[in-house]
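Encoded as structure tokens, here's the structure I'll be asking about.
The values are calculated or read from the model by the stated rules, or taken from the named source; none is laboratory data. For clarity, every value in this text was computed on a predicted model and none was experimentally measured. Every residue, glycine as well, gets a Cβ built from its backbone with ideal geometry; the counts of neighbours run over all protein chains shown.
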Amino acid sequence: MSDSAPPPQERTSVGKQMSQLDPADGLKLQVCQDCDTVQYPPRELCKQCLGAGLVWTEIDPGGTVLAHTTLHTSLEPYFSERLPWTVGTVKLDCGPVVMTHIAASCHGRDARVRVMPARDDGGTAVLVAVPESAADGVGEGKTVAELLALE
Amino acid sequence: MNAASRSYDGVAVTVPMTIPYERYSERGAAWFIGRALAEMIPAAGIAKADIDGLAVSSFTLTPDPVVALTEHFAMSPRWLEDLPLGGASGVIAMRRAARAVQAGDAEIVACIGGDTCQPDSFRQLVANFSRFSKDAVYPYGAGGPNSVFALITQRYMDEYGATREDFGRLCVAQRINAAQFPHALLRKPLSLDEYLNARPIAEPLHLFDCVMPCAGADSFLVMSVDRARSLGLPYASILSAVELHNAYVDDPVQLRGGWAVDRDQLYAAAGLGPDGIDCVETYDDYPVISMLQLEDLGFCGKGEAAQFVRETPLTYDGGGLPHNTSGGQLSVGQAGSAGGFLGIVEGLRQVTGQALGGQVPDARTALVSGFGMVIYDRGLGSAATIIQQGK
């Protein structure tokens with residue numbers, strides 16, 4: 001396995017804000033200060049009330065797996081060298097649907113998960129879905145690989 | 001607001017044109033768009049200066065905006081549309097052009113979808129497709145659209161019991177249609193076994209569920225019926241047309257599209273129902289999306305498309321529901337935005353008796369639907385039209 005290329009590091013200016021947070025603080029997403037709507041993907045205005053007051057706030061990381069897919073091809077060398085690679089969508093209890101890396105132990109439809117932030121091999125924050133029942137993994141700032149191994 | 005709004009009386013859609021697809025090309029998008037214009041002008045028997053409206057859809061024209069084409073081609077149109085709407089762009093271009101002709105803002109509008117394709121251009125397009133994609137999709141495996149549609153397909157299978165064989169039936173039927181169509185890049189017969197045994201791409205999607213990116217252009221002209229008749233051109237009339245963007249915003253997974261919202265008004269304005277349609281051209285970036293359209297446009301109930309394709313021949317001459325009669329993008333290839341024009345161009349050929357491949361017997365009406373632009377986890381645009389042979 002080569003460590004030559006990191007996973008995609010490019011983000012928009014608002015997307016970069018997620019990497020300025022400490023993963024050890026748990027899952028933080030933008031929450032509207034006017035109407036409490038939780039937002040994802042990151043954006044500049046509230047999707048509901050179009051208010052400008054979005055603040056990164058710790059939220060309930062619980063959710064349900066909608067679907068997962070195991071990739072056998074990728075447009076990026078980092079993943080091509082690590083195939084097959086599995087990602088999924090999770091409906092968070094607090095509202096948004098997030099696309100995440102997903103631990104093998106929670107690939108099933110409707111599996112209950114927690115969505116955790118972690119730093120990828122390039123240092124940028126990404127989301128990882130881990131089993132809701134996993135004993136640890138919260139508030140410890142684990143790596144993506146460590147989270148993906150949780151059962 | 002009535003989705004189908006006012007009638008399109010007096011408008012003719014004519015001169016379907018395809019600039020042959022190529023897997024890769026060193027040429028720019030403007031070459032394919034310009035060649036479409038060049039081929040349509042003599043086919044219509046008009047001069048370049050007679051085209052006073054231009055509606056173009058292209059991903060790879062960048063950094064040039066559509067207006068740059070007027071300088072490339074020394075044209076002075078009074079009406080110009082840039083339609084960055086991907087797979088919904090063909091039907092929507094026709095709809096907008098028809099209104100311009102009705103209003104007198106333009107007399108002859110050229111509607112063109114065209115793109116080039118180079119070895120790394122697809123990756124560059126995907127990596128920078130949208131802000132949401134850059135922040136929240138591409139970093140997760142960089143699977144491109146395959147990832148998103150694999151997730152939709154998996155959920156659809158879980159929800160409605162569709163199997164890979166069901167998607168395979170649709171793909172195999174389209175390949176049979178493609179065998180007759182000279183511009184299809186994939187014309188070799190495809191068996192259900194070959195479909196099922198293909199290599200996985202993004203499970204449950206395998207090789208033949210995925211379109212082949214390529215270069216090419218598809219186009220047509222919109223003008224008044226009087227003008228089409230005086231030029232002696234076979235044409236189609238627009239019985240109805242609808243578009244809707246970001247329908248069902250609260251659905252966690254896209255298992256239906258805007259067609260379901262607009263369907264009743266689409267048929268009511270046309271004065272016929274699904275049983276009055278002679279051929280259907282759906283947007284087939286992935287087979288599951290064609291299934292959603294067959295359901296949402298009323299050819300079967302919700303979740304019943306798998307059963308429908310088990311029971312209904314989909315080939316151009318099978319006596320069932322002729323579907324994607326040129327082979328669709330799954331066999332012809334996806335020339336970027338031209339993929340959004342493939343269906344309307346093929347439907348136009350069918351109802352005017354000008355099929356380049358298999359001609360549906362006695363085809364007088366076609367339903368063409370479009371679907372486009374995945375910004376995050378679903379396609380946002382939906383469009384549909386019913387066209388009929390001009391009298």
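Would you point out the residue of region B:103-122, among those that are assigned to a helix (DSSP H, G or I) and hydrophobic (A, V, I, L, M, F, W, C), that is surrounded by the most Cβ atoms within 10 Å (Cβ to Cβ)? Spell out the reasoning first.
Keep residues of region B:103-122 that are assigned to a helix (DSSP H, G or I), which gives B:103, B:121-122.
Applying the additional criterion that residues be hydrophobic (A, V, I, L, M, F, W, C) yields B:103, B:122.
On the way: B:A103: 9, B:F122: 19.
Only one residue fits best here, namely B:F122.
A follow-up question, please. Name the one entry in B:Q329, B:Q354, B:Q350 that is under 25 Å from B:L244 (Cα atoms) and either out of contact with any strand residue (DSSP E or B) (no Cβ under 7 Å at 6 or more places or on another chain) or not in a strand (DSSP E or B) (or both).
The unique qualifying residue is B:Q329.
Next question. Yes or no: A:L66 at the interface with chain B (Cβ under 9 Å from one of its Cβ atoms) and either part of a strand (DSSP E or B) or at pLDDT below 95 (or both)?
Yes, satisfied.
Then there is this: Could we say that A:D93 is within 14 Å of another protein chain (Cβ to nearest Cβ) and out of contact with any Gly (no Cβ under 9 Å at 6 or more places or on another chain) here?
no
Shifting gears a bit: So which of B:A150, B:A142, B:A100 ends up being within 13 Å of chain A (Cβ to nearest Cβ) and in a helix (DSSP H, G or I)?
Values: B:A142 fails: in a helix (DSSP H, G or I); B:A100 fails: within 13 Å of chain A (Cβ to nearest Cβ).
Step by step, each of B:A150, B:A142, B:A100 is checked, and only B:A150 is within 13 Å of chain A (Cβ to nearest Cβ) and in a helix (DSSP H, G or I).
Just checking, which of A:T100, A:T37 is of a type in the set (V, I, T) and crowded, with 20+ Cβ neighbours inside 10 Å?
Working: A:T37 fails: crowded, with 20+ Cβ neighbours inside 10 Å.
Every option except A:T100 fails the conditions.
For region B:350-391, give me each residue that is of a type in the set (K, R) and at pLDDT below 95.
B:K391
Being within 14 Å of another protein chain (Cβ to nearest Cβ), over 20 Å from the mean Cα position of the chain (by Cα) and either β-branched (V, I, T) or closer than 20 Å to B:A338 by Cβ (or both): is that true of B:V137 here?
Yes, satisfied.
Can you tell me which residue is farthest from the chain's Cα centre (by Cα) among those in region A:69-85 that are of a type in the set (S, T, N, Q) and either closer than 12 Å to B:A150 by Cα or within 7 Å of another protein chain (Cβ to nearest Cβ) (or both)?
A:T73
Please go through region B:260-271 and give me each residue that is under 23 Å from B:G353 (Cα atoms) and surrounded by fewer than 17 Cβ atoms within 10 Å (Cβ to Cβ), ordered by number.
B:G271
I would also like to ask the following. Does B:A178 count as of a type in the set (A, V, I, L, M), farther than 18 Å from B:A306 by Cα and more than 23 Å from the chain's Cα centre (by Cα)?
Details: of a type in the set (A, V, I, L, M): yes; farther than 18 Å from B:A306 by Cα: yes; more than 23 Å from the chain's Cα centre (by Cα): no.
Here the answer is no, as B:A178 does not meet what is asked.
Would you point out the residue of region B:149-158, among those that are out of contact with any helix residue (DSSP H, G or I) (no Cβ under 9 Å at 6 or more places or on another chain) and under 17 Å from B:R378 (Cα atoms), that is surrounded by the fewest Cβ atoms within 10 Å (Cβ to Cβ)?
At the first step, the residues of region B:149-158 found to be out of contact with any helix residue (DSSP H, G or I) (no Cβ under 9 Å at 6 or more places or on another chain) are B:151, B:154-155, B:158.
Right, trim to under 17 Å from B:R378 (Cα atoms) and you get B:151, B:154-155.
Details: B:L151: 27, B:Q154: 24, B:R155: 20.
The qualifying residue surrounded by the fewest Cβ atoms within 10 Å (Cβ to Cβ) is B:R155.
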